[in-house]
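The values are calculated or read from the model by the stated rules, or taken from the named source; none is laboratory data. Here the structure is a predicted model, which means the values were calculated and not measured. Cβ placement follows ideal geometry from the backbone for every residue including glycine, while neighbour counts extend to all protein chains displayed. In case anyone asks, the SASA skips ligands and DNA or RNA and just uses the protein heavy atoms, side chains included. Shrake-Rupley method; radii C 1.70, N 1.55, O 1.52, S 1.80 Å.
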Amino acid sequence: MSDPILATVCEIPALRKLVTSRRQQGATIGFVPTMGALHAGHTSLIEAARVDCDFVVVSIFVNPTQFGPDEDFEKYPRILEQDLAKCAGAGADLVWTPDTSIMYPDGFSTHVTVKALSRILEGATRTNHFQGVTTVVTKLLLSCLPDIAYFGAKDFQQQAIIRRMCLDLNIPVEIKTCPIIRDTDGLALSSRNAYLSVEERESGLSLSRALRLAEEKIAAGETDLEQIKADMHELLHATPLLKLDYATIADPTTLEDISTVQPEMVALIAAWVGATRLIDNCQLVPASAENS
């Protein structure tokens, strides 16, 4: 068992020196990119990396380019000391904390875009959000060059886009997606949950309820996906304080809406609850697959 957090670095050369040293010793490198404000969802990624890899790197960087002009970049929680303690407790070896001048130096003018996957669902309303994500993740991966990078399933579209990006650009990193971590009431963990009032949190639970409704109907053998989507919409539209963006069932690779049952499906929801945007999803398993 390696010692908790051997170092904290900011500069890319220092990061590469430490990673290269461990790789030369035969270590496999695991990487968990985060924006800080860590919760149990993040620490589950670090713990998964700890199981798989010899040396675990966590990055903490609040990426300005993935926030829209009316989003919460300025108020996004920045609690580095608490985050470092959580990294240590989860088994990280190294925490990399680049600042904006390192990630976006003067004259920066290159962007990475995964076109089709970035234009739908979250991308339909959050202009340039995924361009900011894919650009920064490319820089993070190329700076660290891990063997495996870990992402959470809650941001389902994000991990699908990053998989496509690594495939298209021949980035030699395995992308591993880890399960959603939920609070005891069913709400998917998110750093933004802290913004919710008691009443808003209760309304936010409708996302997981609608997903559970879809899961149960598919498991029971229901094949009318349009009716299931309609039932999800009805539940969500009836929820006070909630403004639905989308609730759909899609192919997990292309994220395109589907109307007929297939072996792999994902239900995805996004909604505003008060001033807070929540997303959630679940994989759907047809009754025929469960019984086979």
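Here are a few things to note about the model shown:
- Prolate/oblate/rounded label for segment 140-224 (Cα gyration tensor, a/c 1.5): oblate
- A 1.4 Å probe over all protein chains sorts T113, T97, T253 by accessible area into T253, T113, T97, starting with the largest.
- Cα long-axis angle, helix 40-52 against the chain (0 to 90 degrees, to the nearest 10): 60 degrees
- Segment 17-107, relative contact order in percent, only Cα pairs under 8 angstrom and at least six apart counted: 33 percent
- In the elastic network of the chain, a GNM with C-alpha springs shorter than 10 Å, the most mobile of V261, V51, V136 is V51.
- Antiparallel DSSP beta bridges within the chain, percent to nearest 5: 50 percent
- C-alpha center-to-center spacing [segment 35-78, segment 124-168] in angstrom: 12 Å
- Using a probe of 1.4 Å, the accessible surface attributed to H129 totals some 20 Å² when neighbouring protein chains are kept in position.
- Per residue, the accessible area of the chain comes to 47 Å², computed with a 1.4 Å probe over protein heavy atoms only.
- Set of aspartates and glutamates with alpha-carbon distance to K243 below 19 Å, sequence-local pairs under 8 removed: D70, E71, D72, E122, E199, E200, E202, D231, E234, D280
- Size of electric dipole in the chain: Cβ of Lys, Arg +1 and of Asp, Glu -1, about Cα centre, debye, nearest 20: 760 debye
- Computed from phi, the 3J(HN,Hα) profile of segment 214-226 under the Karplus parametrisation 6.51, -1.76, 1.60 (θ = phi - 60°) reads 5, 4, 5, 5, 5, 5, 7, x, 5, 10, 8, 5, 5 Hz, with x in place of Gly and Pro.
- Each of V62, G30, I102 was scored by the projection of its Cα onto the charge dipole of segment 1-133, and the greatest displacement toward the positive side belongs to G30; charges sit on the C-beta of Lys, Arg, Asp and Glu.
- For segment 26-81, GluC sites (Glu not before Pro) are listed when DSSP marks them as loop and at most 15 other Cβ atoms sit within 10 Å of their Cβ; the list is E71, E74.
- For the chain, the relative contact order is 16 percent, taking Cα pairs closer than 8 Å that sit 6 or more residues apart in sequence and dividing their mean separation by the residue count.
- Taking the alpha carbon gyration tensor of the chain, multiplying each eigenvalue by 5 and rooting it gives semi-axes of 33, 21, 19 Å, largest first.
- Prolate/oblate/rounded call for segment 91-246, Cα gyration tensor, a/c under 1.5 rounded: prolate
- Local net charge near Q158, Cβ-Cβ under 12 Å (Lys/Arg +1, Asp/Glu -1): +2
- Cα-based Kirkwood hydrodynamic radius, segment 160-292, one decimal, Å: 15.9 Å
- Angle between the chain longest axis and helix 12-24 axis [Cα atoms, degrees, rounded to 10]: 90 degrees
- Over all distinct Cα-Cα pairs of segment 60-147, the Kirkwood formula returns a hydrodynamic radius of 14.8 Å.
- Formal net charge of residues neighbouring A230 (Cβ-Cβ distance under 14 Å; K, R +1; D, E -1): -4
- Taken over the Cα atoms of segment 1-158, the convex hull encloses 118 Å³ per residue.
- Ratio of Rg to Rh over segment 56-103 (Cα coordinates, Kirkwood Rh, two decimals): 1.02
- Once the Cα atoms are used to define both axes, helix 80-90 deviates from the longest principal axis of the chain by about 80 degrees.
- Entries in K176/K217; K17/K154; K75/K139; K86/K115 that, when Cα-Cα distance is taken, lie over 27 Å: K176/K217; K17/K154; K86/K115
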